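The values are calculated or read from the model by the stated rules, or taken from the named source; none is laboratory data. What you are looking at is a predicted structure, and each value in this text was computed from that prediction instead of being measured. Using ideal geometry, Cβ is built from the backbone for each residue, glycine included, and neighbour counts are taken over all protein chains shown. For the accessible areas, the whole protein counts, side chains as well, though only heavy atoms, and no ligand, DNA or RNA atoms are used. Shrake-Rupley method; radii C 1.70, N 1.55, O 1.52, S 1.80 Å.
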Amino acid sequence: ADRGEVVENLRVTELPLNGRDPTMLTILNAGVTWTGSLVYQRPFDSTQTNTAINGGGASNNVLNLDGVSNDSGSGNGVVGYIPPVDSVQEFKIITNPYDAQFGRGQGGVEDIVLKSGTNRLHGDAYEFARRTWLDSDSWLNDWVRSQGNKAIKASQKRDQYGAELDGPVVIPHLYNGRDKTFFVLQFENWNEIQPNT
């Protein structure tokens, strides 16, 4: 017996995520707070070190991937692998009380379930791009220009792109894995130029 919420595939894929880190959807659950910077929500920013569940304190949660520990080994709350959004089937946040199998955490449990493939071939490719010419200018630059001076917008570029493919393992004339053996392939890359002072 436990209490928590399942974030199903529709919400995982359809809700907007700054940086596309699926673990940020944990804050949709009651009792979950996140104290990190709104700027740093990228998949490699260790966002879960800032997640506290039911007063357990940040970094005190059990992180699982398909039921196996997804802890990087450097302490609770540091994720070993963050899957791309398109490869996540669902995840469950267990707030309390929870079974003895989750005894390492003082807060809650985050269990991500990956897609496992189906009898039909599925896949997608995507790119999320941000360019300087698409960004609005800062109020300070507007004010500087209103004084007759030149102001240059800070250069910023972000490319987050990837692909996901899943389906049955079929080797013609040798093996038909329909209803038995499936595969999932995923790839994601991130390139960014970020203006800093």
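Summary table
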read-out: Residue among Gly80, Gly4, Gly73 that alone is open to solvent by 30 Å² or more (accessible area, probe 1.4 Å), touching a Lys or Arg at 6+ places or on another chain (Cβ under 6 Å) and at pLDDT below 85; value: Gly4
read-out: Residue tally, condition hydrophobic (A, V, I, L, M, F, W, C) and in a strand (DSSP E or B), over the stretch 139-197; value: 11
read-out: Test: residue in the stretch 104-113 that is of a type in the set (Gly, Ala, Ser), open to solvent by 40 Å² or more (accessible area, probe 1.4 Å) and either at negative phi or assigned to a loop (DSSP other than H, G, I, E, B) (or both); value: no
read-out: Residue in the stretch 93-103 that is in a strand (DSSP E or B) and either touching a His at 6+ places or on another chain (Cβ under 9 Å) or open to solvent by less than 20 Å² (accessible area, probe 1.4 Å) (or both) present; value: yes
read-out: Contacts under 7 angstrom Cβ, first residue in the stretch 99-120 being under 18 Å from Val79 (Cβ atoms) and of a type outside the set (A, V, I, L, M, F, W, C), partner at pLDDT below 80 and open to solvent by 20 Å² or more (accessible area, probe 1.4 Å), 6 or more apart; value: Arg104/Asn76; Gly105/Asn76; Gly108/Asn96
read-out: Neighbours by Cβ (under 7 Å, 6+ apart or cross-chain): first from the stretch 122-143, open to solvent by 90 Å² or more (accessible area, probe 1.4 Å); second hydroxyl-bearing (Ser, Thr, Tyr) and part of a strand (DSSP E or B); value: Glu127/Tyr161
read-out: Yes/no for Val170 being within 21 Å of Lys115 (Cα to Cα), out of contact with any His (no Cβ under 6 Å at 6 or more places or on another chain) and of a type in the set (Val, Ile, Thr); value: yes
read-out: Given (1) modelled with pLDDT under 90; (2) surrounded by fewer than 11 Cβ atoms within 10 Å (Cβ to Cβ); (3) over 27 Å from Arg42 (Cβ atoms), index of the condition Asp179 fails; value: (1)
read-out: The stretch 57-70: number of residues that are at negative phi and either of a type in the set (Ser, Thr, Tyr) or modelled with pLDDT under 80 (or both); value: 1
